[in-house]
1. Describe numerically, in nm with one decimal, the distance between label points set 7 Å from Cα along Cα→Cβ at residue 170 and at residue 334.
2. Pop a pseudo-label 7 angstrom from the Cα along the beta-carbon direction at both residue 261 and residue 230 and give the gap in nm to one decimal.
3. Against the longest alpha carbon principal axis of the chain, how many degrees, from 0 to 90 and to the nearest 10, is the axis of helix 240-252 turned?
4. What is the log10 of I(q)/I(0) for the stretch 160-273, computed with the Debye formula using one identical point scatterer on each Cα and no solvent, at q = 0.10, 0.14, 0.19 Å⁻¹?
5. Let's test the formula: R0 of 45 Å, r as the Cβ-Cβ distance of residue 383 and residue 149. What FRET efficiency results, to the nearest 0.05?
6. Working out 0.36 nm times the residue gap between residue 38 and residue 132, then minus their Cα-Cα distance, what length gain in nm do you get to one decimal?
7. With the other protein chains left in place, how much accessible area per residue, in square angstrom, belongs to the stretch 124-262 at a 1.4 angstrom probe?
8. In the stretch 389-415, which residues have a backbone nitrogen under 11 Å from the label point lying 7 Å from residue 73's Cα in the Cα-to-Cβ direction?
Amino acid sequence: MADGVLRVRPGRPLVGQLTPPGDKSISHRAVMLASLASGESRIRGWLDAGDTRATLEALEAMGVPIAVIRRAAGAADLTVQGVGLRGLHPPARPLHCRRSGTTMRLLAGLLAGQPFPSLLDGDPQLRRRPMRRVTLPLRQMGAEVQDEEGHAPLRIRGGRLQGITYAMPVASAQVKSALLLAGLYADGPTTVHQPGPSRDHTERMLAAMGVEVQVAGLTVTLYPPTAPLAPLDLTVPGDFSSAAFPLVAALLVPGSRLLLQGVNLNPTRTGLLEVLREMGAEIVERAVRQEGGEPVADLEVRPSPLRATTVAGERVVRMIDEFPIFAVAATQALGETVVRDAAELRVKEVDRIAVLVRELRKMGAAITERPDGFVVRGPTPLQGAEVDSHGDHRLAMALGVAGLLAEGETIVWRAEAIGDSYPGFVEAMQALGAGMEDS
Ligand code: S3P
């Protein structure tokens, strides 16, 4: 999708099976932690996308040998020769995080523990995102970290760190994970209090590698390891956040019948599933199992009439990446859907409240902006339109799904961003019968 145009024609049901790409959050963490392990890790079904490549290349730049075997669009098997906790080399160049907030924030934590200087930078979009939320606590742990008025580039000189107890002002898995990674290098335990239940993949993976991580409610404590980290042998489960796009499409396009296979149902990620079910969605879980230390199932989806609802509080955190596609579902739900307590959406890849409202309105949606969320009145028939993702992968896919419900053709500009998290999205939707085409 070189010039980034997605053309969508409505009307055809989505029928068949789809395996979503590997979980993005788990893929970032797997390649980072495998690099710090002592010995060879094998990671199957790793998400090979723009964001996760940024993480992989940063680790290669610090001397970690990684063999990548590409299996399909967006899927690879990795063999990582872990260099041990103290085996990374100083990078010769700045580490470029592209548009990936997870890469930058998690690497900041990792680099805070390294006895060499490093520089983290990224695309203009990433340079606009807030970084003080990681630089501040990492300084408290004793690292030298310079930001540019709270933004990237970040200049880091790590070294001996002390464990701290830190109450995060926002519920962020990226901040929590950065502090836990730094905590691997601290002289005592690191404790993080979360205001809400953010995704817990770092805790699960570190524990599987032999690190002592205690979780008590919303508080996580990591004890610095006294033994090398054990290598990983992991199959990455499918990303619920990617599955959410075909899932909502199949709920809304009449005549659809979809089976989503191998979807990660970690409860810190499935707020959208709960909310959609409360709205009336018929989604059945089949073959519930454990894969890679995470709960996984197949999801059977049928078109369902939806009722409006309110989303607020801790649930917002458990569906933080799903609001673009949730807004599309809300345009077809009966009544007024309200989203509150979601101001974090303003500091994602773009201001997801402002852009979502502006672009969905072009398609005729009755959606209004609020400081910490939005309100949608439905059901509203959508009109095909020219809309702009503003370079945000999830907005591009959500607008593409909106196009499947609209009357007439929709064109999504700057849709190449889809490759940041879901290369192969358009082909997967086409295989189900969707009228999508990229060029
Ligand atoms: C992520 C955490 C979330 C999420 C992002 C991925 C992660 O960000 O929005 O897409 O992998 O830790 P925050 O931690 O900033 O909420």
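The values are calculated or read from the model by the stated rules, or taken from the named source; none is laboratory data. Here the structure is a predicted model, which is why all the values come from computation and not from measurement. Every residue, glycine among them, receives a Cβ derived from its backbone with ideal geometry; neighbour counts consider all protein chains shown. Note: accessible area is taken over every heavy atom of the protein model, side chains too, but ligands, DNA and RNA are not part of it. Shrake-Rupley method; radii C 1.70, N 1.55, O 1.52, S 1.80 Å.
1. Distance between the two pseudo-spin positions: 3.7 nm.
2. My value for the distance between the label points is 3.0 nm.
3. In the chain, helix 240-252 runs at an angle near 10 degrees to the longest axis.
4. Listed by q, the Debye log ratios stand at -0.39, -0.67, -1.00.
5. With a Förster radius of 45 Å, E is 0.60.
6. Numbers: separation 94, 0.36 × 94 = 33.84 nm, distance 3.18 nm.
30.7 nm is the gain from fully extending residue 38 to residue 132.
7. On the way: 5190 Å² over 139 residues.
So the stretch 124-262 comes to 37 Å² accessible per residue, rounded to a whole number.
8. Under cut-off, by backbone N: nothing.
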